[in-house]
Structure formats: structure tokens, C-alpha cells
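Structure first, then comments.
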Amino acid sequence: MWLSLERHKVLRTQLEAARAERGGELLRPLVERIRELSAPAGGTATASLAALAPWTVLLVVPGQTQVERLRGVLADYGLSIAAVPAGEAPGLRAPEGGETRLEIAVGELSEGFASPADRVLVLAEADIFGKATRRAQSRRRTGLASLSQLGVGDFIVHVTHGVGRYNGLVQLELRGVPGDYVQLEYAGGDKLYLPVYRLHEIERYVAAEGKPPKLDRMGGSTFLVKAGKVKQEVRQMAEELLQIYAQRESQPGVAYPLLRAEMDAFADTFPFAETADQAEVIAAVHGDLSRARPMDRLVCGDVGFGKTEVALRAAFRVAMAGKQVAVLAPTTVLVQQHFLTFSDRMAPFPIKVACLNRFASDRQQKQIVEAVRSGAVDIVIGTHRMLGRDVRFKDLGLLVIDEEQRFGVAQKERFKKFKAQVDVLTLSATPIPRTLHMSLLGLREISMIRTPPVDRLAVRTYITRISDAVLEEGVTRELARGGQVFYVVPRILGIEEHANRIRQLVPHARVLVAHGQVPDELLERTMVDFVEHRADVLVSTAIIESGLDIPRANTMFIAHAEQFGLAQIYQLRGRVGRSRQRAHCYLMVQALERLSPEARRRLEAVQRHSELGSGFGVAVHDLEIRGAGELLGGRQSGQIQAIGFDAYARILHEAVAELRGEPITRESDPEMVFDAPAYLPETYVAEVGQRLDFYRRLSAARDRDQVEDVIAELVDRFGDPPLEAEHLGLLMACKTYGRRLGALALELRGAKLGVRLGPETPLQAEVAARLSARTGGKFRLEGGERVTTTVPEPNGPDRRTQLRVCLAALAELTALAEAPAGRTGRKAG
């Protein structure tokens, strides 16, 4: 690092002060630093720009918005800086004239560097303003809402009309004003043209496997019937959850002592840095264990994201307090993996760990069962064998359940009995949607770990023909670095041929075969052998254990990848890349030119979205809906399929609020009747999917700042927007105020802006009646339901000035409506 943390803080303070006072030399600290770098050893720094000549100073910032912002700041202090045009390389050479040259370019640079011999200094944003905690935009989970992957013919769910078919994005003229509309088809061939400012009202339909949905009738008659049935079911489920929660709150539990020194010593044995999510979940679990009531917390997070560490911390605290811990996993392979992890971490402490599974002999099992009964074992890890009637705990305090949804009905009934008596921590690798998580808060404690470990690298993904050369090179390279390889095939038929081919190409590789028709005991033995590195290559169908975490396995080949679904490939690829090593995934196809357009699009999506946390929307969306079904039960999964997830989540949220006696607010969007063209031209954003995604995000924006954030991203990615796109941003910002006003419609015709008020408007009748007097005639109430104001006449195609005036007027009207005197709500009529 060039600058110490203290120096960064001083630098930031000076810069902020200079900007606030609009005086002084903004770049003085920067100039000092340039001089320090260029001065010979023992030289003195001079805060004079002229003393540095002739140097080239290049500032590198992440986006175009920052370029404009920084140029503006520098201009205020008389410093001119040239912007390097997009796509051009900056001229990193000493200036020919006698003055230092300042340039700014868009790019990614973590730290700057200097070349005194070339008289060139390159500075990153962090070198000027200090290290900032960057929001990882790539991790923004848009999977649930994203429409970027929506294709013509795909099914969607509209919040009012129900299940329909997407027929594409079309441009229509309404009253002479062009605009983009989404064409939806319903039962009987009925068509709905949905304006893009209402695009948040639809979501992509997640169909049951291979079963297309039945189209609803436009108008919502059939959809309302289905939604009514779902509402009854959801209310019943919510009542049951609320009852269980209330019972658990009233049950006596154990408040475990906070053994600070011992817990700190145990935490120090964790070989990785905790992620923010992980630290938050660990704190939540410790909070549960400190309260004198039974814990029942669900921790969701992908394999390798640190759920086991949460369980380890909880188990350690309970065991050190003298209570026993049981860890249940659905397969022997997972049990073995947990046993190795727990044994290794608990070894320096006075805690005895045992493993109870069918790999142990009858004699060993009897000894372990007896040790559990007598209290000689502190932590026991096992499959459902632990639920046997012969297993009795001396003093059980904590039950950890890994992948609860994979246990049978009988085992789940036993879990319910445990939950009434002891603390229960459940781990799940299946993601669940954030909206569902929020709806269930207060009914069940759910924690999410969404952040991957800091040193995790993205998996490099390749689409390639099935080739002996590629296979030999990939396997040999992985084995040479001490790693392991997955080789996945779509069907059991011919699996041995694939295995023999690898044995011929790489004779020294130890190859195992696993598939669903292998007897259970042999299959588990095979998987354990692979986990414990007694084999190098595992040839299998898609049955690879979803819960397995094998850091050594960092290369995967998926044969005939076009036969797998997108979500399936996502899960398979997630088995590699779970260490600091770079992982590789080869999607192998017979012939690239023979792929169907759908298969090609699917594979290219996987390849394109390989960055961590990108979650390539569609696959994550599918997985999250499955996760919702698993969490809520099969019956609720069917209800989600009937009406779509967004509608289900809304009904659940309202049912929970109603049961708690909380008010239910249903916001409605105003109709936007503006005679200004507002859309994203095809010449600006060429790809339809990207346009749909931006439209949806703009239509869902809650306030003006969110609209401006989306527009800033558009500018960053596609350059200066055309008039229609600027109009769209201003229109969407107006809509956010219309929503807050409870308006039924916002209408701009000529020089007149009208706001048609709805019954839920916060504008009180008394305030509305005196509106003209209070605003000096600026706003007028017409007919008791419509507020109008005059704006500048439109001047040619450029309507930006007029729309900015509309935006300011709506902001002012909203402030009047939300002022303390206007909070009681206007009485209808």
C-alpha cells in the first residue's frame, strides 16, 4: 500500500473539507504524495504543482459517472483534466511540454503505481479517497425478479390477470406518443399490452418439471379463484407456525454461559477469515443460546459458505457447558465429513467426539451408544441411526440437523419432539428467496449466508467438443496439482465406457463410478473413498451429493452438457471451486454447430455468468422456488406453482400481518398519461433482455434515488442516454411521488399536469380544499378528486425541462400531503 490507514483518513478529511469550503487546493495531499514518490531518498516534499513538471498523472476510476464527478470537482479549483475516450488506451508516457498532464480514465485498478524514470504516476480511486467498502454489484441477486432471460413463448404471472404467455417487447403509438409495451397472451388468444412502467407487475413463471401451466383468462376471474384457495391454505399454515412459535416462546430452556476466553481460543482455530454474513449468523446463534428458551434456527447458505463453522461454534459452547450435542446428517458420506471436521477442531479441547453410522461394526456401535448414554461422549455425529430407540442421551442440549428436507417423514416427526425440549440448529444448502425470508421473520428464526469466502475464485467455464485431448490435458493438470476430478454423464447407460476411456487416457488415475443403481452401501463407500482421496476421478450421473464439500476437487467435465437443465448445471458446477485454487468446468458437447438455439443459449448463459455471486438469475430463481417448497412443505410448493411466487409471497406476508394484528397496506401504481416519448431505444440498449431488466428495475424503484441509481448504471454501461431514455428516467421518478400520493393517475397534456387522487391519498380533504390558497394558486383542486398545476409549454422534442418541473411540483405536493397536519388520510367523497 502506498498510504497508511491513518494517512488515508487524513487525506479524506482534507478533501472533504476542501470540497465543503469550496476553497484551498483540493489536490494538495495528492501533490505531496506525487512529490514524495518522485523525490530522491532523503529529499523534501514540496506542495507545488509546478515543482513536479513534467509528469503525467493518470487517475483511474470505476465508471463514467465518477469521471464526470471528479472532473467537475477539479474544475472548481482551476485544474483541467482530460478524459481518455472509452475504448482507447491512456498515453502512459512523459509529457513533451513543460507542464504536468492530468488524465482520467475508466477502469478497474485496486492500487496505483509510479514510474519515476518515465515520469508517470497512475492513481486508483482508493489512493485518493482511501479504501472504500465497495458494494459488490455482481452479487446483487436479481434472479427472483430479473426478466433478462425471458424468451418469447415463456410463461409469466401477472399480479392481477394471472398466468399468461410472453410474446415479446413491441413499440406502439398511443395518442401519437411512441412507447415500449410487453405483449402478453391469455386464454382464448386475448392480448394484453403492458406499459413498461408497470413491468414490476409480472414475474417469470417457474413451471413444474416438464409441465406447462394452463393460461388464465384475462381480467383475473380464474386467477382470483386460485388465489382465494391459496389464501385459505396459507392462512392455515401461518396460524400453525404462529402457534408453534408461541409454544416455543413459553417453554423453559437453558441459557448457556458465555465462556469468552475458551470461545475466543476456539474461534482462533478457524483457518479462514469470517465473512460479514457468517459473523452475523454466529452472533445470532450465540444470542439464542444466551436466552432461557429453546432455539429453533434455520441457517441457509451454499456449500462452502461457512454453515458448518456456525454449527461448530454452537456445539463447542454447549459442550463446554457440560451438555451433549447431536449432529444429524442424511448420508454416511456427510456424516464422515462432519466427523473429520469436528474431530480436528475439537482436538485441542477436552471434548470427546464420536461417529455413529453403519460403517461402524455392531460392537463399535454398541460401545458408542453406551458412551452416549453414560455421558462419556460430548458430541455424537450420525445418520438417522441416531434416532433409534436404543440411543439415549444422558443430557442432550443441542441438536444440529444438516439438510433436514432430505430426511423422511418419520424422522421429521422425531425432530418435532426434540424441538420442544432442546436447542435445534438446522443447516440447509438450498437457497430461499429473500422475500419469503422476510415474510417468515418472527414465525421462525432464519439466517442467510449469501457471501462467498473472500479468497474464493470464480470457476472458469469452457464450452468444448467432446475431445480426448481436452480430457487428458484437464485430468493430468488437475492431478499434477494434487487435486481431484468430477466427470458427470447425463445417464447411466454407457457410464462404464466413459470411465474406461479416462483410464486409457490417464493410466495412473484412480477412477471410481457412482450412479443411482449402485447398491446404497457400495455407493456410500465409493463416495467416502473419493472424499478421503482414495480416488482421483469420480465418474457419476447427476447424483453428486449436493452437500459435499471437497476442496481438492477443482476440475469438472460435464459430458453432453446440452442434455442438462440450467439449474442442474449450476448445482453441478457448484461442486468445484471450493478452495483458494482456480477451478475449471468443461461443458462438453458432441458438435457445437448442431446445438439447438435453446441449448446454445443455456450453455452460453452458464459460461457468461461464471462470476461468484452472479447466480445467473434463472437458475437461482428456480433453486430458490424449490427451496421455498422444501422449507414450507410439498403442499405449499404446489400452491406456489399455482399462482407464481410473487403472488404467493404477498399473500403469505398479508396473512402473517393479519394474524399479528398489523395494518395491511396495498400500494398501487398510478397510470402514467404523459405525452412525452419515454423508452430505451433499440439503438441505445440493443438486447431485449437487458431492456426488460432495466424497465423492471425502474418500474419497481421505491424512490427517486433508486431511479437515479439505475439511470447512472445505464450511463455507465451504454454511454450518454438519448432524449427518450432521459425522459424515461424523469417519468419513473415522477411515478415514485405518484405512488406516495396514492394517485390513481398522473396526466401531462400540453402545459397542464394533473394528479387524480385515490381514496388512500395522505392529502387531507381540508388541506386539499385550501390548496390553492396555501400555495399561492400554484396547485388547484378540481372536482374534489384532481389536483392540477401549470408547467412550461413543451418546446420541441426535448421535454426534459418540462418533466423536471413536473418532478419538482410532485415532490412539493408530496411534502404537503405528508406534512404532520396531512397524515390522517383524506376521507373519500
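The values are calculated or read from the model by the stated rules, or taken from the named source; none is laboratory data. Since the model is a prediction, treat every value here as computed from it, not as a measurement. Cβ atoms come from the backbone with ideal geometry, glycine included; neighbour counts cover every protein chain shown. SASA here: full protein model, heavy atoms, side chains in, ligands and nucleic acids out. Shrake-Rupley method; radii C 1.70, N 1.55, O 1.52, S 1.80 Å.
Residue 333 is checked against (1) under 28 Å from residue 388 (Cβ atoms); (2) β-branched (Val, Ile, Thr); (3) surrounded by 21 or more Cβ atoms within 10 Å (Cβ to Cβ); (4) in contact with a strand residue (DSSP E or B) (Cβ under 9 Å, 6 or more places away or on another chain) and fails just one. What number does that condition carry?
(4)
Residue check: is residue 378 surrounded by 18 or more Cβ atoms within 10 Å (Cβ to Cβ), at pLDDT 80 or above, touching a His at 6+ places or on another chain (Cβ under 9 Å) and under 23 Å from residue 313 (Cα atoms)?
Criteria not met by residue 378.
Please pick out the residue among 712, 686 that is surrounded by fewer than 16 Cβ atoms within 10 Å (Cβ to Cβ) and either part of a loop (DSSP other than H, G, I, E, B) or in contact with a strand residue (DSSP E or B) (Cβ under 8 Å, 6 or more places away or on another chain) (or both).
The conditions single out 686.
From the list 753, 807, 813, which one is modelled with pLDDT of 80 or more, surrounded by 14 or more Cβ atoms within 10 Å (Cβ to Cβ), in a strand (DSSP E or B) and not β-branched (Val, Ile, Thr)?
753
Consider residue 252 carefully, then state whether it is open to solvent by 30 Å² or more (accessible area, probe 1.4 Å) and either touching a residue at least 12 places away in the same chain (Cβ under 8 Å) or out of contact with any strand residue (DSSP E or B) (no Cβ under 9 Å at 6 or more places or on another chain) (or both).
Yes; evaluated as a whole, the condition is true for this residue.
Just one of (1) out of contact with any helix residue (DSSP H, G or I) (no Cβ under 9 Å at 6 or more places or on another chain); (2) part of a helix (DSSP H, G or I) trips up residue 316, so point out which.
Unmet condition: (1).
For residues that are in a loop (DSSP other than H, G, I, E, B), open to solvent by 10 Å² or more (accessible area, probe 1.4 Å) and closer than 21 Å to residue 259 by Cβ, tally how many sit in segment 280-305.
Qualifying residue count for the region: 3.
Could you list, in sequence order, all residues of segment 575-608 that are in contact with a strand residue (DSSP E or B) (Cβ under 9 Å, 6 or more places away or on another chain) and in a loop (DSSP other than H, G, I, E, B)?
575, 576, 577, 578, 579, 581, 582, 583, 590, 591, 595
Do you know which residues across segment 648-705 are closer than 25 Å to residue 804 by Cα and among the hydrophobic types (A, V, I, L, M, F, W, C)?
Within segment 648-705, 672, 673, 674, 676, 678, 680, 685, 692, 694, 698, 700, 701 qualify.
Working only within segment 483-497, note down all residues that are open to solvent by less than 40 Å² (accessible area, probe 1.4 Å) and touching a residue at least 12 places away in the same chain (Cβ under 8 Å).
483, 484, 485, 486, 487, 488, 489, 495
Can you pull out every residue in segment 156-178 that is under 31 Å from the mean Cα position of the chain (by Cα) and more than 16 Å from residue 689 (Cβ to Cβ)?
Selection gives 157, 158, 159, 160, 161, 162, 163, 164, 165.
For every residue, the table says whether it meets (1) part of a helix (DSSP H, G or I); (2) under 16 Å from residue 817 (Cβ atoms); (3) not charged (D, E, K, R).
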{"residue": "705", "(1), (2), (3)": "yes, no, no"}
{"residue": "708", "(1), (2), (3)": "yes, no, no"}
{"residue": "721", "(1), (2), (3)": "no, no, yes"}
{"residue": "727", "(1), (2), (3)": "yes, no, yes"}
{"residue": "730", "(1), (2), (3)": "yes, no, yes"}
{"residue": "739", "(1), (2), (3)": "yes, yes, no"}
{"residue": "761", "(1), (2), (3)": "no, yes, yes"}
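Give just the number: which of (1) in contact with a helix residue (DSSP H, G or I) (Cβ under 8 Å, 6 or more places away or on another chain); (2) within 28 Å of residue 780 (Cα to Cα); (3) assigned to a helix (DSSP H, G or I) does residue 746 not satisfy?
Unmet for residue 746, out of (1) in contact with a helix residue (DSSP H, G or I) (Cβ under 8 Å, 6 or more places away or on another chain); (2) within 28 Å of residue 780 (Cα to Cα); (3) assigned to a helix (DSSP H, G or I): (3).
Is it true that some residue in segment 222-245 is out of contact with any helix residue (DSSP H, G or I) (no Cβ under 7 Å at 6 or more places or on another chain), part of a strand (DSSP E or B) and not acidic (Asp, Glu)?
No, that holds for no residue.
Here is a check on your reading of the model: is residue 372 open to solvent by less than 50 Å² (accessible area, probe 1.4 Å), among the aliphatic types (A, V, I, L, M) and farther than 25 Å from residue 282 by Cα?
It is true that residue 372 is open to solvent by less than 50 Å² (accessible area, probe 1.4 Å), among the aliphatic types (A, V, I, L, M) and farther than 25 Å from residue 282 by Cα.
Determine which member of the set 625, 558, 544 is touching a helix residue (DSSP H, G or I) at 6+ places or on another chain (Cβ under 9 Å), of a type in the set (Val, Ile, Thr), under 23 Å from residue 516 (Cβ atoms) and at pLDDT below 80.
544
Among the candidates 425, 479, which residue alone is crowded, with 21+ Cβ neighbours inside 10 Å and modelled with pLDDT of 85 or more?
Of 425, 479, the one residue that is crowded, with 21+ Cβ neighbours inside 10 Å and modelled with pLDDT of 85 or more is 425.
Starting from segment 751-773, keep only residues that are farther than 17 Å from residue 734 by Cβ and without any contact (Cβ under 8 Å) to a residue 24 or more places away in the chain, then list their pairs with residues that are outside any loop (DSSP other than H, G, I, E, B) and among the basic types (Lys, Arg) whose Cβ atoms are within a distance under 7 Å, requiring at least 6 positions of separation or different chains.
So the pair list comes out as 772/780.
Where the second residue is modelled with pLDDT of 70 or more and among the aliphatic types (A, V, I, L, M) and the first is at positive phi and lies in segment 422-451, which pairs have Cβ atoms under 8 Å and are six or more apart or on separate chains?
442/656
Which of the residues that make up segment 248-279 are acidic (Asp, Glu) and either part of a helix (DSSP H, G or I) or more than 30 Å from residue 453 (Cβ to Cβ) (or both)?
The answer is 249, 262, 264, 277.
Of (1) touching a strand residue (DSSP E or B) at 6+ places or on another chain (Cβ under 6 Å); (2) β-branched (Val, Ile, Thr); (3) under 30 Å from residue 575 (Cα atoms); (4) modelled with pLDDT of 90 or more, residue 299 satisfies all except one. Which?
The number of the failed condition is (4).
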